[in-house]
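Bear in mind that the values in this text are calculations on the coordinates, not laboratory data. Here the structure is a predicted model, which is why all the values come from computation and not from measurement. Methodologically, a virtual Cβ is constructed for each residue, glycine included, from the backbone with ideal geometry; neighbour enumeration extends over all protein chains shown.
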Amino acid sequence: MFKYCLFIKIYMIKSIYLENWKTHKDSFLTFNKGTNILIGKIGSGKSSIVDAICYCLFGTFPSLSSKKITISETLMFKPTKQEKAILKLEFTHADKTYLVERTIGKLTQAKLYLDGKLIAGPKQTDVNDRISQILNIDYALFSKIVYSEQNELDFFLKIPPSKRKEKFDELFGISHFENMKENVRKLISFVSIEQDKQQVLLNQLSSQILNINISELTSKELELKSKLEEVMDLLKNISEEKSKLIVELNIQKQNKEKFDKLNLQINVLSSKIDEITRQLDILKAKENFFFTYSLMDLEKLKKDKQKFIFDIQLEKENINSNLLFYTKQISDQESKINMFKRSIHPLQITTSDLVSQKEVFEKELLDCKAKDLDVVNMLNNIEKSISELQKGYSVCPICESPLTPDKIQEQLQKKQFQKQELLNKQKQLDVLKQQLSEKLSQLSLLEKNLKENELINSQISQLSVSLENNKKVVEDLSIKLKELEKNKVLNLEEELHAIDDAISFLSLSSQLNELSKTKNQLNEELAKLFFDENKYQLVFSEYQNIDLKNKNLLEQKKLYDSLLSSISKDITNYNMLISSMQNVQKNIDKFNVKKQDLSYFLVSIEKSQVQLRNVLIDNINSTLSIIWPKLYAYGDYVSARLRASDDYILEVQTLTGDWIRVEGFLSGGERACAALSIRISIALILTKDLGLLILDEPTHNLDEKTVKTFGEMVEVQLSGLIDQIFIITHDSKLLEVSNATKYIIERDKGNDGVSIIKEYL
């Protein structure tokens with residue numbers, strides 16, 4: 001059984017490259033078949049390597065999936081913070097070489113290559129799913145069996161007893177049986193409910209059938225069919241009589257329709273003749289001399305008169321159009337004149353007065369500027385005198401007479417007073433200059449307005465001349481229009497009316513002759529047509545009587561048909577109820593069979609579940625019996641086993657042959673040894689096609705002797721059972737494992753150094 005679980009492994013990790021991953025700046029490792037040991041101090045970057053292996057394969061690792069860290073926290077942040085990390089993992093499976101590449105940063109993506117050809121990516125989920133398909137293992141199983149996270153070696157012992165059975169069954173794939181049993185129970189319940197529904201329906205159908213008297217319904221049906229045959233015979237006889245009457249009645253109807261139609265036509269023609277005669281009498285009373293004309297002459301004369309009227313109307317339209325044009329011109333010109341008049345500035349000054357005032361103000365401004373210049377010169381001289389006096393000369397700088405200090409002070413006061421007077425005068429001159437400048441600006445504006453007024457007046461004069469001319473044109477056009485409208489058009493229209501009357505007279509005379517001929521012809525046809533109203537009424541009365549009999553019989557037939565239909569429905573309903581009862585009974589029988597089958601299936605599932613659990617436990621215990629003695633260095637516990645009852649219990653056997661619970665009696669180191677043994681055993685059974693085991697700090701809580709024994713087991717036993725083993729440890733004693741590929745992981749933590757990898761030879 002044990003050999004069956006350990007047949008050929010087809011999976012191996014060949015190499016991994018880490019760039020800016022946690023403490024690894026630029027690390028590359030190649031791995032061999034067998035044992036690969038990564039040794040280093042705490043924080044050197046050992047676990048980061050196996051986390052990277054797990055992330056490359058499944059897009060996550062235990063600390064990330066449990067949300068202890070975020071993916072951004074895997075990026076190197078010291079000695080220099082990095083924005084992107086790159087991982088590359090090469091592995092083989094079934095003699096094929098795969099390369100998975102993952103990028104972490106602003107753009108996180110993954111790519112999977114087979115022999116250098118891209119087969120999945122860049123979506124991470126696509127790569128994750130493809131690798132799970134290739135390896136036939138998902139992250140959940142990998143993280144619980146293959147990958148023993150640091151301080152999680154005793155995962156199986158940490159599961160609470162209330163959850164252990166559920167977790168172990170889930171791990172073994174046995175939990176599917178519980179789902180199957182629950183689904184089968186639901187099906188049994190559903191079938192029972194449906195069966196009960198069918199039984200209720202069967203009872204209802206039975207009750208309905210008992211309320212139906214089928215023999216009475218059959219008797220009534222036969223009686224009604226007999227009566228219906230009698231009615232059908234009578235209908236047949238009446239139908240033959242009715243057909244004969246219909247032929248005779250149709251002949252009489254046709255004659256009557258022709259008779260009525262001819263009378264109607266004659267009456268209509270008589271009315272038209274009377275109306276035309278009345279109109280002709282009216283026209284004759286007018287004594288129109290045009291009545292002597294022929295119709296052809298009248299038509300030609302009418303066209304000539306119409307053309308003449310058209311020409312006059314056309315001329316009137318042209319005159320009216322011109323009137324509208326010039327009237328609008330007059331309106332526009334009057335509007336412009338009014339607008340120009342409104343824009344004239346209301347000025348009370350002439351051009352000559354304006355020029356005179358401007359010359360006066362300009363002269364005053366020049367005088368003011370000259371006075372201002374004199375004041376400026378005088379101020380400069382006084383400032384110079386004050387400056388010389390302040391220097392303390394002993395003689396007057398002007399008259400050269402001796403100066404005492406008192407005299408100097410007196411002169412300074414005098415000069416300061418003079419200076420102040422000049423400054424006041426300068427201010428007055430500045431005010432006067434400002435006033436004169438403003439007056440000149442006002443005069444310039446008045447000058448501009450005077451020029452604008454002159455221009456506007458000129459435009460008004462021009463528009464006034466044009467306005468008078470247009471008014472004269474309008475007056476002439478109005479006179480011409482009145483002349484056209486005086487008598488000419490009126491006379492022509494009267495003549496045209498007279499011509500129309502003459503044309504109407506000739507036309508009506510012609511119509512009267514035609515209508516009289518038609519009336520005479522219709523009277524001749526009416527005289528030839530034979531129609532007897534009394535005979536028509538007699539045939540019609542006979543037809544009505546026989547039609548009434550037919551309708552009564554049809555109503556009777558309808559009643560019998562309705563009664564027969566109702567009885568037929570009742571009989572059909574009875575037969576359908578019988579058929580439904582039979583079908584419902586069949587369904588009830590089928591549901592009974594289904595319930596039995598499902599019950600048998602439920603028992604089979606329960607037996608299969610127990611058998612599968614026992615087979616797995618037997619296989620695990622067979623493996624455990626080999627692993628435990630090799631791993632446990634002492635002789636007080638000779639064997640170990642996993643027992644399944646209401647829960648899964650890990651036990652060890654004492655020298656006396658008793659079995660005791662690991663959780664209840666063993667020390668921490670013994671528990672760790674037991675946890676390692678059960679993990680390795682389960683991994684060998686459940687991952688037979690993987691051949692991979694990752695142990696992070698497996699010697700935690702193990703004493704020196706057990707560590708040595710573990711190293712020997714790795715060297716001798718495990719290397720023959722598992723194709724590839726990864727051990728992450730700080731225990732240097734494991735360097736003694738001779739057949740292992742060993743890497744020393746170093747890092748200068750005091751200086752925020754990066755991880756350095758050295759192969760141990």
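Once you have the Cα-Cα distance between Lys391 and Trp659, take 0.36 nm times their residue separation minus that, and quote the gain in nm to one decimal. Can you show the working numbers first?
Values: separation 268, 0.36 × 268 = 96.48 nm, distance 12.62 nm.
Here the answer is 83.9 nm.
One-quarter of the Cα convex hull surface for segment 600-748, in nm²? Spell out each step's value before the answer.
Working: hull surface 45.2 nm².
About 11.3 nm², averaged over all directions.
If the only charges are +1 at each Lys and Arg Cβ and -1 at each Asp and Glu Cβ, what is the size of the charge dipole of segment 642-761 around the Cα centre, to the nearest 20 debye?
Working: 12 positive and 20 negative charges, 24 e Å.
Charge dipole, segment 642-761, about its Cα centre: 120 debye, nearest 20.
Given bins 20 angstrom wide, list per bin the percent of all Cα-Cα distances in the chain, short to long.
Per 20 Å bin, starting at zero, the Cα-Cα P(r) for the chain comes out as 10, 16, 9, 7, 13, 23, 18, 4, 1 percent.
On a full-extension model of 0.36 nm per residue, what is the gain between Met576 and Lys106, subtracting their alpha-carbon distance, rounded to one decimal in nm? Can you show the working numbers first?
Values: separation 470, 0.36 × 470 = 169.20 nm, distance 7.24 nm.
Contour length minus Cα-Cα distance gives 162.0 nm.
Can you work out the FRET efficiency for the pair Lys300 and Lys528, with r the C-beta to C-beta distance and R0 = 51 Å, to the nearest 0.05? Walk me through the numbers before you get to the answer.
On the way: r = 46 Å, r/R0 = 0.90.
Calculated transfer efficiency: 0.65.
Place a +1 charge on the Cβ of each Lys and Arg in the chain and a -1 charge on the Cβ of each Asp and Glu, then give the dipole magnitude about the Cα centre in debye, rounded to the nearest 20. Mind showing how you got there, number by number?
Values: 106 positive and 108 negative charges, 380 e Å.
Result for the chain is approximately 1820 debye, rounded to the nearest 20.
What trypsin sites (Lys or Arg not before Pro) in segment 588-660 are in a loop by DSSP, with at most 12 other Cβ atoms within 10 Å of the Cβ?
On the way: sites: Lys590, Lys594, Lys595, Lys607, Arg613, Lys630, Arg641, Arg643; in loops: none.
When the trypsin sites (Lys or Arg not before Pro) of segment 588-660 are filtered for loop state and at most 12 Cβ neighbours within 10 Å, nothing remains.
Treat each spin label as a single point 7 Å out from the Cα along the C-beta direction, and report the Ile119 to Tyr600 distance in nm.
According to this spin-label approximation, the distance is 4.5 nm.
Given 0.36 nm per residue, what is the gain on full extension from Tyr634 to Lys328 after removing their alpha carbon distance, in nm? Spell out each step's value before the answer.
Numbers: separation 306, 0.36 × 306 = 110.16 nm, distance 13.04 nm.
Here the segment from Tyr634 to Lys328 would lengthen by 97.1 nm.
For a quick check: with amide H placed at 1.01 Å from N, whose amide H comes under 5 Å from Met12's, ignoring anything fewer than 5 positions away on the same chain?
Under 5 Å from the amide H of Met12 lie the amide H atoms of Thr92, each far enough along the sequence or on another chain.
I want to check the label-to-label distance for Asn183 and Ile42. Put each point 7 Å from Cα in the C-beta direction and report it in nm to one decimal.
4.9
Radius of gyration and Dmax for segment 1-130's Cα atoms, expressed in Å?
Cα radius of gyration and Dmax of segment 1-130 are 15.7, 55 Å respectively.
What are the membrane-span-like helices in the chain by this rule: whole DSSP H runs, Cα extent along the axis at least 15 Å, mean Kyte-Doolittle hydropathy at least 0.0? Walk me through the numbers on the way to the answer.
On the way: long enough: 46-58 (19 Å, 1.25); 124-135 (17 Å, -0.54); 161-172 (17 Å, -1.64); 175-210 (53 Å, -0.36); 214-284 (97 Å, -0.51); 295-343 (71 Å, -0.83); 351-390 (58 Å, -0.37); 405-485 (119 Å, -0.89); 488-528 (61 Å, -0.41); 533-631 (135 Å, -0.41); 668-686 (26 Å, 1.27).
Sorted by number, the helices that extend far enough and score high enough are 46-58, 668-686.
Evaluate the distance, in nm, between pseudo-label points positioned 7 Å from the Cα of Ile71 and of Glu221 along their respective Cα→Cβ axes.
7.7
Could you pull out the longest piece of the chain with no exposed loop chymotrypsin sites (Phe, Trp or Tyr not before Pro) in it, calling a site exposed if DSSP puts it outside H, G, I, E, B and it has at most 10 other Cβ atoms within 10 Å?
Details: sites that count: Phe7, Phe530.
Longest site-free region, per DSSP loop and neighbour criteria: 8-529.
Within a 10 angstrom radius of the beta carbon, how do Met378, Met232 rank from fewest other beta carbons to most?
With the sparsest Cβ surroundings first, the list reads Met232, Met378.
Add -39500 (n - 2.57) for each DSSP H run of 4 or more in the chain, then divide by its residues: what number comes out at 222 nm, to the nearest 500 deg cm²/dmol? Show your work: numbers first, answer last.
Values: 16 runs with 499 residues, N = 761.
The helix contribution divided over the chain gives -24000 deg cm²/dmol.
Taking a point 7 angstrom from the Cα of Leu496 along the C-beta vector, which residues in segment 307-321 have backbone N less than 12 Å away?
Label zone hits: 307-314.
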